[in-house]
Amino acid sequence: MRFQDRKFKESMKMISNKYLAIAGLTLIAGMPAAHAVDFGAFGDVSYQGTSQKDTADSFVQGQFDLYATQKIDPKTRVFVEMVFEAGPDNAYGLDLERLNITRQLTPGLSVAWGRFHTPIGYWNTAYHHGALIQDTVFRPTFLDFEDGNGAIFPTHIIGIMADGKVSTGGGDLNYMLAVGNGSSINTDGCAASLASCPGSEIDVHNVQDTQDKKMVVGAVNYKMSRVPLQFGVFALHDPFAESGTGGVTTPNSDLIGMQVWGADVRYASHGFDMIAESYNIDNKDKVGTAGSNKASAYYVQFGYRVTDKLKPIYRYESVDFQTKDPYFQYLGTPEGGRHVLDLRYDLDDTNALKFEVSRFEPVQTGVKSYTSYALQWAFLML
(Lines give C-alpha, C1' and ligand atoms only; values in the text may rest on other atoms or scores of the structure.)
Protein backbone atom coordinates (compact mmCIF):
# COMPACT_ATOMS: atom_id res chain seq x y z
CA MET A 1 0.00 0.00 0.00
CA ARG A 2 2.87 2.30 0.77
CA PHE A 3 4.29 1.67 -2.72
CA GLN A 4 0.88 2.32 -4.31
CA ASP A 5 0.44 5.49 -2.23
CA ARG A 6 3.87 6.74 -3.35
CA LYS A 7 3.06 6.03 -7.01
CA PHE A 8 -0.31 7.74 -6.67
CA LYS A 9 1.32 10.83 -5.15
CA GLU A 10 3.96 10.95 -7.90
CA SER A 11 1.26 10.68 -10.58
CA MET A 12 -0.77 13.45 -8.98
CA LYS A 13 2.40 15.61 -8.76
CA MET A 14 3.11 15.09 -12.48
CA ILE A 15 -0.49 15.98 -13.38
CA SER A 16 -0.33 19.02 -11.12
CA ASN A 17 2.94 20.24 -12.68
CA LYS A 18 1.50 19.70 -16.15
CA TYR A 19 -1.56 21.82 -15.45
CA LEU A 20 0.52 24.45 -13.66
CA ALA A 21 2.71 24.71 -16.75
CA ILE A 22 -0.37 25.01 -18.99
CA ALA A 23 -1.83 27.64 -16.68
CA GLY A 24 1.47 29.54 -16.69
CA LEU A 25 1.65 29.54 -20.48
CA THR A 26 -1.97 30.65 -20.67
CA LEU A 27 -1.26 33.49 -18.25
CA ILE A 28 1.83 34.59 -20.21
CA ALA A 29 -0.11 34.47 -23.46
CA GLY A 30 -2.75 36.69 -21.94
CA MET A 31 -0.25 39.29 -20.73
CA PRO A 32 0.51 42.41 -22.79
CA ALA A 33 3.35 41.87 -25.27
CA ALA A 34 6.79 42.87 -23.96
CA HIS A 35 8.74 45.63 -25.65
CA ALA A 36 10.34 44.23 -28.78
CA VAL A 37 14.09 43.64 -28.92
CA ASP A 38 15.77 45.28 -31.92
CA PHE A 39 18.60 43.15 -33.32
CA GLY A 40 21.12 43.94 -36.00
CA ALA A 41 24.55 42.96 -37.27
CA PHE A 42 27.36 44.74 -39.09
CA GLY A 43 30.11 43.00 -41.00
CA ASP A 44 32.94 43.69 -43.40
CA VAL A 45 35.46 41.87 -45.55
CA SER A 46 38.46 43.43 -47.26
CA TYR A 47 41.73 43.10 -49.11
CA GLN A 48 44.60 45.05 -47.56
CA GLY A 49 48.21 45.76 -48.43
CA THR A 50 51.14 48.06 -47.65
CA SER A 51 54.49 49.07 -49.09
CA GLN A 52 56.21 48.10 -45.82
CA LYS A 53 58.61 45.21 -46.13
CA ASP A 54 57.86 41.80 -44.59
CA THR A 55 54.11 42.50 -44.76
CA ALA A 56 52.09 40.44 -47.23
CA ASP A 57 48.92 41.60 -48.94
CA SER A 58 46.00 39.76 -47.41
CA PHE A 59 42.33 39.01 -47.67
CA VAL A 60 40.89 40.06 -44.32
CA GLN A 61 37.79 38.81 -42.58
CA GLY A 62 36.79 41.89 -40.64
CA GLN A 63 34.62 42.46 -37.61
CA PHE A 64 31.25 40.84 -37.12
CA ASP A 65 29.29 43.19 -34.89
CA LEU A 66 26.08 42.00 -33.17
CA TYR A 67 23.93 44.51 -31.32
CA ALA A 68 20.59 44.52 -29.56
CA THR A 69 18.54 47.14 -27.79
CA GLN A 70 15.31 46.91 -25.82
CA LYS A 71 13.13 49.35 -23.96
CA ILE A 72 12.37 47.25 -20.88
CA ASP A 73 9.95 49.80 -19.45
CA PRO A 74 8.72 53.23 -20.62
CA LYS A 75 11.80 55.01 -19.24
CA THR A 76 14.51 52.31 -19.22
CA ARG A 77 16.53 51.01 -22.14
CA VAL A 78 19.22 48.32 -22.39
CA PHE A 79 21.87 48.18 -25.11
CA VAL A 80 24.44 45.44 -25.81
CA GLU A 81 27.07 45.15 -28.56
CA MET A 82 29.33 42.13 -29.08
CA VAL A 83 32.06 41.99 -31.71
CA PHE A 84 33.89 39.01 -33.17
CA GLU A 85 37.31 40.13 -34.41
CA ALA A 86 40.73 38.68 -35.15
CA GLY A 87 43.65 39.36 -32.85
CA PRO A 88 47.40 39.44 -33.51
CA ASP A 89 47.52 35.64 -33.29
CA ASN A 90 45.24 35.42 -36.37
CA ALA A 91 42.49 33.83 -34.25
CA TYR A 92 39.04 35.22 -33.60
CA GLY A 93 37.88 36.37 -30.19
CA LEU A 94 34.67 37.79 -28.78
CA ASP A 95 34.64 41.26 -27.18
CA LEU A 96 31.75 42.78 -25.26
CA GLU A 97 32.21 46.28 -26.64
CA ARG A 98 29.20 47.98 -25.07
CA LEU A 99 26.75 46.93 -22.38
CA ASN A 100 24.70 49.56 -20.59
CA ILE A 101 21.33 50.34 -19.07
CA THR A 102 19.85 53.84 -19.29
CA ARG A 103 17.09 55.46 -17.25
CA GLN A 104 15.42 58.69 -18.31
CA LEU A 105 14.95 60.82 -15.19
CA THR A 106 13.55 63.93 -16.85
CA PRO A 107 12.96 64.94 -20.50
CA GLY A 108 16.40 66.58 -20.45
CA LEU A 109 18.39 64.14 -18.31
CA SER A 110 19.23 60.42 -18.50
CA VAL A 111 21.58 58.37 -16.35
CA ALA A 112 23.28 55.22 -17.63
CA TRP A 113 25.51 52.54 -16.15
CA GLY A 114 27.84 50.15 -17.96
CA ARG A 115 30.38 50.28 -20.79
CA PHE A 116 30.16 53.11 -23.34
CA HIS A 117 32.18 54.86 -25.99
CA THR A 118 34.15 57.62 -24.29
CA PRO A 119 32.43 60.94 -25.16
CA ILE A 120 35.47 62.66 -26.69
CA GLY A 121 35.07 64.40 -30.03
CA TYR A 122 32.61 63.77 -32.83
CA TRP A 123 33.99 60.55 -34.34
CA ASN A 124 34.03 58.41 -31.21
CA THR A 125 30.44 59.29 -30.32
CA ALA A 126 28.97 59.12 -33.84
CA TYR A 127 30.76 56.10 -35.32
CA HIS A 128 30.94 52.79 -33.51
CA HIS A 129 32.10 49.32 -34.56
CA GLY A 130 30.11 48.86 -37.77
CA ALA A 131 32.39 49.82 -40.68
CA LEU A 132 29.40 50.71 -42.87
CA ILE A 133 28.52 53.68 -40.64
CA GLN A 134 31.68 55.66 -41.39
CA ASP A 135 32.61 56.87 -44.88
CA THR A 136 36.23 55.67 -44.76
CA VAL A 137 37.58 52.15 -44.40
CA PHE A 138 39.47 52.99 -41.20
CA ARG A 139 39.00 55.42 -38.33
CA PRO A 140 41.55 58.22 -37.83
CA THR A 141 44.56 56.24 -36.62
CA PHE A 142 44.96 57.98 -33.27
CA LEU A 143 41.24 57.39 -32.57
CA ASP A 144 41.50 53.65 -33.16
CA PHE A 145 40.09 51.41 -30.44
CA GLU A 146 42.32 50.54 -27.47
CA ASP A 147 43.70 47.41 -29.14
CA GLY A 148 44.55 49.30 -32.34
CA ASN A 149 48.16 49.97 -33.33
CA GLY A 150 47.84 53.76 -33.37
CA ALA A 151 45.41 54.27 -30.46
CA ILE A 152 46.40 56.98 -27.97
CA PHE A 153 43.15 57.44 -26.02
CA PRO A 154 40.80 55.17 -24.03
CA THR A 155 37.90 55.04 -26.51
CA HIS A 156 35.70 53.10 -24.05
CA ILE A 157 34.79 53.87 -20.46
CA ILE A 158 33.27 51.57 -17.83
CA GLY A 159 31.25 53.55 -15.30
CA ILE A 160 28.31 55.93 -14.98
CA MET A 161 27.24 58.52 -17.53
CA ALA A 162 24.74 61.37 -17.38
CA ASP A 163 23.58 62.95 -20.62
CA GLY A 164 20.80 65.11 -21.89
CA LYS A 165 19.60 67.75 -24.30
CA VAL A 166 18.37 71.30 -23.84
CA SER A 167 16.49 72.81 -26.77
CA THR A 168 16.90 76.51 -27.47
CA GLY A 169 15.52 78.80 -30.11
CA GLY A 170 18.54 78.31 -32.33
CA GLY A 171 19.27 74.64 -31.81
CA ASP A 172 19.95 71.83 -29.33
CA LEU A 173 22.58 71.81 -26.59
CA ASN A 174 23.74 68.27 -25.77
CA TYR A 175 25.86 67.39 -22.76
CA MET A 176 27.57 64.26 -21.39
CA LEU A 177 29.46 63.64 -18.15
CA ALA A 178 31.00 60.26 -17.30
CA VAL A 179 33.01 58.81 -14.41
CA GLY A 180 34.64 55.41 -14.78
CA ASN A 181 37.57 53.13 -14.17
CA GLY A 182 41.02 54.58 -14.74
CA SER A 183 43.18 53.16 -17.52
CA SER A 184 46.51 51.34 -17.33
CA ILE A 185 49.44 50.34 -19.54
CA ASN A 186 51.70 47.31 -19.32
CA THR A 187 55.29 48.62 -19.58
CA ASP A 188 57.02 45.24 -19.36
CA GLY A 189 60.13 45.43 -21.51
CA CYS A 190 60.51 49.19 -21.09
CA ALA A 191 62.49 49.17 -17.85
CA ALA A 192 65.90 48.83 -19.51
CA SER A 193 65.35 51.57 -22.09
CA LEU A 194 62.21 53.46 -23.13
CA ALA A 195 63.54 53.51 -26.67
CA SER A 196 63.22 49.71 -26.77
CA CYS A 197 59.59 49.51 -25.52
CA PRO A 198 57.74 46.79 -27.44
CA GLY A 199 54.52 48.83 -27.50
CA SER A 200 51.46 48.15 -25.36
CA GLU A 201 47.69 48.52 -25.45
CA ILE A 202 45.54 50.72 -23.24
CA ASP A 203 43.56 48.69 -20.69
CA VAL A 204 40.26 50.28 -19.60
CA HIS A 205 39.53 47.68 -16.88
CA ASN A 206 36.22 46.04 -17.68
CA VAL A 207 35.62 44.24 -14.39
CA GLN A 208 38.14 45.47 -11.81
CA ASP A 209 39.94 48.77 -11.42
CA THR A 210 43.49 48.68 -10.09
CA GLN A 211 43.33 52.08 -8.40
CA ASP A 212 40.96 54.37 -6.52
CA LYS A 213 41.48 57.28 -8.92
CA LYS A 214 38.89 57.38 -11.70
CA MET A 215 38.62 58.63 -15.25
CA VAL A 216 36.41 61.72 -15.69
CA VAL A 217 35.12 62.85 -19.10
CA GLY A 218 32.83 65.72 -20.05
CA ALA A 219 31.54 67.01 -23.38
CA VAL A 220 29.15 69.70 -24.60
CA ASN A 221 28.06 70.21 -28.20
CA TYR A 222 25.61 72.49 -29.91
CA LYS A 223 23.67 71.54 -33.04
CA MET A 224 22.22 74.55 -34.86
CA SER A 225 18.72 74.26 -36.27
CA ARG A 226 18.92 76.82 -39.09
CA VAL A 227 22.44 75.98 -40.25
CA PRO A 228 23.72 72.40 -40.87
CA LEU A 229 26.50 72.93 -38.36
CA GLN A 230 27.38 71.45 -35.00
CA PHE A 231 30.38 72.07 -32.78
CA GLY A 232 31.52 70.92 -29.38
CA VAL A 233 34.18 70.96 -26.67
CA PHE A 234 35.34 68.14 -24.43
CA ALA A 235 37.80 67.29 -21.67
CA LEU A 236 39.24 64.09 -20.20
CA HIS A 237 41.23 63.28 -17.08
CA ASP A 238 42.72 59.77 -16.84
CA PRO A 239 45.14 58.55 -14.11
CA PHE A 240 47.03 55.79 -15.94
CA ALA A 241 48.48 53.04 -13.74
CA GLU A 242 51.08 50.33 -14.30
CA SER A 243 49.57 46.94 -15.16
CA GLY A 244 52.82 45.09 -15.85
CA THR A 245 54.84 43.05 -13.38
CA GLY A 246 58.28 43.87 -14.76
CA GLY A 247 57.80 47.39 -16.05
CA VAL A 248 59.10 50.81 -15.13
CA THR A 249 57.30 50.84 -11.77
CA THR A 250 55.49 48.50 -9.38
CA PRO A 251 52.11 47.04 -10.41
CA ASN A 252 49.09 49.35 -9.89
CA SER A 253 51.31 52.35 -9.16
CA ASP A 254 50.80 55.75 -10.79
CA LEU A 255 52.32 55.85 -14.27
CA ILE A 256 50.97 58.81 -16.26
CA GLY A 257 48.56 61.60 -15.40
CA MET A 258 46.73 62.46 -18.64
CA GLN A 259 44.75 65.65 -19.23
CA VAL A 260 43.01 66.17 -22.59
CA TRP A 261 40.89 69.03 -23.85
CA GLY A 262 39.73 69.74 -27.35
CA ALA A 263 37.06 70.77 -29.82
CA ASP A 264 35.20 69.31 -32.79
CA VAL A 265 33.04 70.64 -35.61
CA ARG A 266 30.89 69.11 -38.34
CA TYR A 267 29.21 70.77 -41.32
CA ALA A 268 27.02 68.95 -43.86
CA SER A 269 24.98 70.47 -46.67
CA HIS A 270 24.08 69.73 -50.32
CA GLY A 271 26.24 66.63 -50.60
CA PHE A 272 29.29 68.25 -48.98
CA ASP A 273 30.42 67.46 -45.45
CA MET A 274 33.37 68.35 -43.25
CA ILE A 275 34.52 66.96 -39.89
CA ALA A 276 37.43 68.26 -37.83
CA GLU A 277 38.70 67.47 -34.34
CA SER A 278 41.62 68.84 -32.35
CA TYR A 279 43.10 67.35 -29.17
CA ASN A 280 45.50 69.05 -26.75
CA ILE A 281 47.25 66.59 -24.45
CA ASP A 282 49.23 67.05 -21.25
CA ASN A 283 50.96 63.89 -19.99
CA LYS A 284 52.61 64.10 -16.58
CA ASP A 285 55.29 61.51 -15.91
CA LYS A 286 54.62 59.95 -12.48
CA VAL A 287 57.68 57.67 -12.47
CA GLY A 288 60.70 59.33 -14.04
CA THR A 289 61.95 62.88 -14.47
CA ALA A 290 60.27 63.73 -17.79
CA GLY A 291 57.80 66.03 -16.03
CA SER A 292 54.84 67.47 -17.91
CA ASN A 293 54.79 66.93 -21.68
CA LYS A 294 52.57 68.63 -24.24
CA ALA A 295 51.24 66.80 -27.29
CA SER A 296 48.57 67.32 -29.92
CA ALA A 297 46.50 65.31 -32.37
CA TYR A 298 44.00 66.40 -35.01
CA TYR A 299 42.31 65.44 -38.23
CA VAL A 300 40.33 67.25 -40.92
CA GLN A 301 38.08 65.30 -43.30
CA PHE A 302 36.17 66.45 -46.38
CA GLY A 303 33.66 64.52 -48.43
CA TYR A 304 31.43 65.28 -51.42
CA ARG A 305 28.66 63.08 -52.78
CA VAL A 306 29.09 63.30 -56.54
CA THR A 307 26.02 61.12 -57.11
CA ASP A 308 23.57 59.35 -54.81
CA LYS A 309 25.96 56.39 -54.75
CA LEU A 310 29.48 57.78 -55.29
CA LYS A 311 31.40 59.81 -52.70
CA PRO A 312 35.13 60.68 -52.60
CA ILE A 313 36.64 61.55 -49.19
CA TYR A 314 39.95 63.10 -48.18
CA ARG A 315 41.37 63.23 -44.64
CA TYR A 316 44.56 64.52 -43.13
CA GLU A 317 45.49 63.42 -39.63
CA SER A 318 48.47 64.23 -37.43
CA VAL A 319 50.02 63.27 -34.09
CA ASP A 320 52.75 65.46 -32.60
CA PHE A 321 54.53 64.93 -29.27
CA GLN A 322 57.78 65.54 -27.44
CA THR A 323 60.42 62.85 -27.82
CA LYS A 324 60.91 62.66 -24.06
CA ASP A 325 57.21 61.92 -23.40
CA PRO A 326 57.22 58.37 -21.96
CA TYR A 327 53.49 57.84 -22.63
CA PHE A 328 53.94 57.57 -26.40
CA GLN A 329 57.05 55.45 -25.92
CA TYR A 330 55.09 52.98 -23.80
CA LEU A 331 52.50 52.72 -26.57
CA GLY A 332 55.01 52.68 -29.42
CA THR A 333 53.16 55.52 -31.19
CA PRO A 334 54.73 56.85 -34.40
CA GLU A 335 54.80 60.64 -34.74
CA GLY A 336 53.82 62.16 -38.06
CA GLY A 337 51.05 62.94 -40.52
CA ARG A 338 48.85 60.79 -42.71
CA HIS A 339 47.06 61.56 -45.98
CA VAL A 340 43.97 59.41 -46.55
CA LEU A 341 41.94 59.21 -49.76
CA ASP A 342 38.75 57.13 -49.99
CA LEU A 343 36.23 56.38 -52.68
CA ARG A 344 32.89 55.07 -51.42
CA TYR A 345 30.23 53.47 -53.61
CA ASP A 346 26.89 52.68 -51.96
CA LEU A 347 25.36 49.61 -53.58
CA ASP A 348 22.34 50.07 -51.32
CA ASP A 349 21.47 51.49 -47.93
CA THR A 350 22.69 48.25 -46.40
CA ASN A 351 26.07 47.71 -48.12
CA ALA A 352 28.88 49.70 -49.68
CA LEU A 353 32.23 49.25 -51.40
CA LYS A 354 35.09 51.44 -50.15
CA PHE A 355 38.60 51.85 -51.55
CA GLU A 356 41.21 53.61 -49.42
CA VAL A 357 44.81 54.69 -50.03
CA SER A 358 46.84 56.32 -47.26
CA ARG A 359 50.36 57.70 -47.03
CA PHE A 360 52.12 57.99 -43.66
CA GLU A 361 54.94 60.53 -43.35
CA PRO A 362 56.85 60.12 -40.06
CA VAL A 363 58.70 62.81 -38.14
CA GLN A 364 61.29 60.59 -36.48
CA THR A 365 64.57 60.07 -38.27
CA GLY A 366 65.19 56.52 -39.33
CA VAL A 367 61.47 55.79 -39.78
CA LYS A 368 60.43 55.41 -43.43
CA SER A 369 57.27 56.64 -45.08
CA TYR A 370 54.92 54.00 -46.38
CA THR A 371 51.70 53.62 -48.35
CA SER A 372 48.74 51.43 -47.41
CA TYR A 373 45.63 50.48 -49.35
CA ALA A 374 42.43 48.57 -48.71
CA LEU A 375 39.33 47.49 -50.61
CA GLN A 376 36.42 46.85 -48.27
CA TRP A 377 32.85 45.58 -48.62
CA ALA A 378 30.88 46.66 -45.56
CA PHE A 379 27.31 45.63 -44.85
CA LEU A 380 24.42 45.68 -42.42
CA MET A 381 22.12 42.75 -41.70
CA LEU A 382 18.71 44.03 -40.59
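The values are calculated or read from the model by the stated rules, or taken from the named source; none is laboratory data. Quick caveat, the model's predicted, so the values are computed rather than measured. Counting neighbours? That spans all protein chains shown, and the Cβs are built from the backbone with ideal geometry, glycine included.
Just to be sure I understand the filter: pairs with C-beta atoms under 6 Å, separated by 6 or more residues or on different chains, first member in the stretch 217-244 and assigned by TED's automatic domain parsing to the domain that holds Asn186, second member aromatic (Phe, Trp, Tyr). Which pairs pass?
Note: pairs meeting the criteria are Ala219/Phe234; Val220/Tyr175; Leu229/Tyr267; Ala235/Trp261.
For Met161, all conditions in the list (1) buried (at least 19 other Cβ atoms within 10 Å of the Cβ); (2) over 30 Å from Gln259 (Cα atoms); (3) in the same structural domain as Tyr327 (by TED's automatic domain parsing) hold save one; what is the number of the exception?
Failed condition: (2).
Tell me, which residue of the stretch 87-102 that is surrounded by 14 or more Cβ atoms within 10 Å (Cβ to Cβ) and more than 16 Å from the chain's Cα centre (by Cα) is farthest from Phe231 (Cα to Cα)?
Ile101
Which strands (runs of 3 or more DSSP E) does the stretch 103-197 wholly contain that include 1 or more residues that are under 30 Å from Asp349 (Cβ atoms) and of a type in the set (Asp, Glu)?
Answer list for the stretch 103-197: 156-167, 171-181.
Name every residue in the stretch 103-123 that is surrounded by fewer than 19 Cβ atoms within 10 Å (Cβ to Cβ) and charged (D, E, K, R), in order of residue number.
Arg103
If I go through the stretch 349-379 residue by residue, how many of them are within 23 Å of Lys309 (Cα to Cα) and modelled with pLDDT of 95 or more?
Within the stretch 349-379, residues that are within 23 Å of Lys309 (Cα to Cα) and modelled with pLDDT of 95 or more number 16.
Tell me yes or no: at least one residue of the stretch 268-283 is part of a loop (DSSP other than H, G, I, E, B) and out of contact with any helix residue (DSSP H, G or I) (no Cβ under 7 Å at 6 or more places or on another chain).
For the stretch 268-283, residues part of a loop (DSSP other than H, G, I, E, B) and out of contact with any helix residue (DSSP H, G or I) (no Cβ under 7 Å at 6 or more places or on another chain): present.
Report, by residue number, each residue of the stretch 64-98 that is hydroxyl-bearing (Ser, Thr, Tyr) and out of contact with any Gly (no Cβ under 7 Å at 6 or more places or on another chain).
Correct list: Thr69, Thr76, Tyr92.
Which condition does Asn221 not pass, out of (1) modelled with pLDDT under 90; (2) within 19 Å of Glu277 (Cβ to Cβ), if it passes all the others?
Answer for Asn221: the failing condition is (1).
Please find, among Thr168, Thr187, the residue that is touching a Phe, Trp or Tyr at 6+ places or on another chain (Cβ under 9 Å) and free of Cβ contacts under 8 Å to residues at least 24 places away in the same chain.
The unique qualifying residue is Thr168.
Going through the stretch 59-102 one residue at a time, which ones are over 24 Å from Ser167 (Cβ atoms) and assigned to a loop (DSSP other than H, G, I, E, B)?
Gly87, Pro88, Asp89, Asn90, Ala91
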